[in-house]
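Data block below; observations after.
Values quoted throughout were computed directly from the atomic coordinates according to the rules given, and no laboratory measurement underlies them. Note that this is a predicted model, so its numbers are computed, not measured. Positions of Cβ are generated from backbone atoms using ideal geometry, with glycine treated the same way; all protein chains shown enter the neighbour counts.
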Amino acid sequence: MPGDATVTPTRSTVSLRAPVDAGPVVLPEAPDPAAARRLIAAAAGALLDEHRQLEAEELAALAVVPDQSVTALASVAHEVRLAWCGPTVEVEGILSAKTGGCPEDCHFCAQSSRFDTPVKATPFLDTDEVLAAAAEVAAVGATEFCIVLAVRGPDARTLDRILELVPLVRQRTGLNVAVSAGILTDEQALRLVVVGVHRYNPNLETARSFFPQVGTTHSWDERAETCRRVLDAGMELCCGALVGMGESDAQRVELLLQLRALGPTEVPVNFLNPRPGTPFADRPVVGAWEAIRWIALFRLALPGAILRYAGGREVTLRDLQAMGMTSGINALIVGNYLTTLGRSTAADLTMLAALRMPVGAFTGTL
Ligand code: SF4
């Protein structure tokens with residue numbers, strides 16, 4: 001139940017030096033509907049009654065339940081979200097403070113300078129522009145503001161700008177400030193903590209076994225190492241996934257286990273919105289029902305995490321966006337994404353009001 005102090009959150013159970021990669025996952029045969037009902041009931045018992053996380057084998061079995069069982073899966077995921085995190089929805093605005101011109105080659109990304117995309121490189125925004133964007137985010141009741149930069153990692157000048165901006169945004173708006181600026185050194189992570197960055201975002205994006213097909217200019221391990229540095233420095237870890245790049249279902253389960261081993265506070269769930277000019281421009285969009293299945297599985301794998309709707313939800317879920325909120329999601333990015341438009345903030349707030357989900361800072365049981 002909400003506020004139950006006996007619940008053990010995900011991240012506190014994970015050693016910061018636990019092995020992150022248990023290797024590729026093999027999925028079992030799909031169960032028939034009756035067997036699927038038993039599997040879902042067993043998962044509910046584990047997460048809601050025993051307050052324990054699911055074993056890798058349990059997650060793998062749930063990943064292959066038939067489509068007709070997805071509503072039951074989603075229903076349990078929603079109960080798990082309420083029990084482990086409470087009813088509050090954390091709302092965040094993100095700002096692309098330095099757009100495009102990135103030297104990396106992530107095949108899904110329109111901000112890479114290696115691909116001929118409509119996104120043109122723009123310099124770091126002025127301080128006044130960043131403060132104005134933060135004020136807009138605060139005005140809609142959001143509690144989080146994330147400053148995002150399209151870089152491999154921050155160079156000295158970029159880091160200095162971030163260090164200057166974060167205290168200003170915090171003082172002027174009262175928002176919690178997160179940063180996403182790629183791969184960090186230990187020293188950079190510590191300097192971010194000193195100015196009050198409470199959460200840092202290096203996305204893993206996908207399973208370790210699939211990552212070589214997504215990018216070649218940095219490795220999955222470099223991202224995972226930055227995740228470790230974020231935690232070691234004392235920041236909360238925000239570590240996202242991008243579903244629908246061509247990875248298999250087994251690789252999605254592999255990613256869930258790898259995320260869980262890192263112990264993120266927050267996991268943004270992105271769905272591929274294929275961008276013109278990128279190597280993944282022709283990849284198909286994930287279907288809405290498939291997306292609901294994976295939202296539920298993310299919640300069942302990461303019961304205590306802030307699971308945030310992020311990029312691609314509009315094109316993937318379309319009319320099922322509210323259903324995602326009752327399938328395990330408990331946070332939203334509102335407004336626009338980095339290079340694509342989101343739906344209006346008013347539409348999202350109306351949806352949350354209709355669902356009777358209060359907006360606020362996530363406290364849950366953590
Ligand atoms: S995902 Fe990030 S690191 Fe990769 S190309 Fe885009 S901006 Fe650069």
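Numbers below:
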read-out: Furthest towards positive pole of dipole, Pro268, Cys227, Ala22, structure part the chain, Cβ charges; value: Pro268
read-out: Sequence-separation-based contact order of the chain, relative, with Cα cut under 8 Å and 6+ spacing, percent; value: 26 percent
read-out: Under-5 Å amide H pairs with Leu307, H placed in peptide plane, nonlocal only; value: Val267, Asn330, Ala331
read-out: Nearest-ten-degree value, helix 249-262 long axis tilted from longest Cα axis of the chain; value: 60 degrees
read-out: Rounded to 10°, Cα long-axis angle of helix 288-301 versus longest principal axis of the chain; value: 90 degrees
read-out: Shape metrics for the chain, restricted to C-alpha atoms - Rg then Dmax, Å; value: 19.3, 60
read-out: Counting all C-alpha pairs of the range 237-366, share separated by more than 17 Å (%); value: 57 percent
read-out: Per residue convex hull volume, Cα atoms of the range 27-135, in Å³; value: 189 Å³
read-out: Kirkwood estimate for the range 64-117, i.e. one over the average of 1/r between Cα atoms, Å; value: 15.3 Å
read-out: Integer Hz, Karplus 6.51/-1.76/1.60 couplings in order for the range 201-216, x for Gly and Pro; value: 10, x, 7, 6, 6, 8, 5, 4, 6, 9, 4, x, 7, 9, x, 10
read-out: Mean separation of Cα contacts under 8 Å, 6 or more apart, over the residue count of the range 188-266: relative contact order %; value: 41 percent
read-out: Estimated [θ] at 222 nm from DSSP helical runs (n ≥ 4, -39500 (n - 2.57)) normalised by residues in the chain, nearest 500; value: -11500 deg cm²/dmol
read-out: Amide hydrogen neighbours beyond the local backbone of Arg199, cut-off 5 Å, H modeled; value: Val179, Glu236
read-out: Rg in Å to one decimal, and Dmax rounded to a whole Å, for the range 204-287 via C-alpha atoms; value: 13.2, 40
read-out: Relative contact order [Cα under 8 Å, 6+ residues apart], the range 88-246, whole percent; value: 22 percent
read-out: The range 156-254, dipole about Cα centre (Lys/Arg Cβ +1, Asp/Glu Cβ -1), debye to the nearest 20; value: 420 debye
read-out: The range 89-172: equivalent-ellipsoid semi-axes (sqrt of 5 x gyration tensor eigenvalues, Cα, Å); value: 25, 16, 11
read-out: Table column - 3J(HN,Hα) (Hz), the range 53-60, Karplus curve with 6.51, -1.76, 1.60, x for Gly and Pro; value: 6, 6, 6, 4, 5, 5, 5, 4
read-out: Phi to ³J(HN,Hα) by Karplus 6.51 cos²θ - 1.76 cosθ + 1.60 over the range 136-153, Hz, x for Gly, Pro; value: 4, 5, 4, 5, 8, x, 5, 10, 10, 9, 10, 8, 10, 10, 8, 9, 5, x
read-out: Folded to 0 to 90 degrees: helix 220-233 orientation relative to the chain principal axis, Cα; value: 80 degrees
read-out: Kirkwood Rh in Å, taken over all unlike Cα pairs in the range 122-211; value: 13.8 Å
read-out: For Arg283, residues with placed amide H under 5 Å, excluding near neighbours; value: none
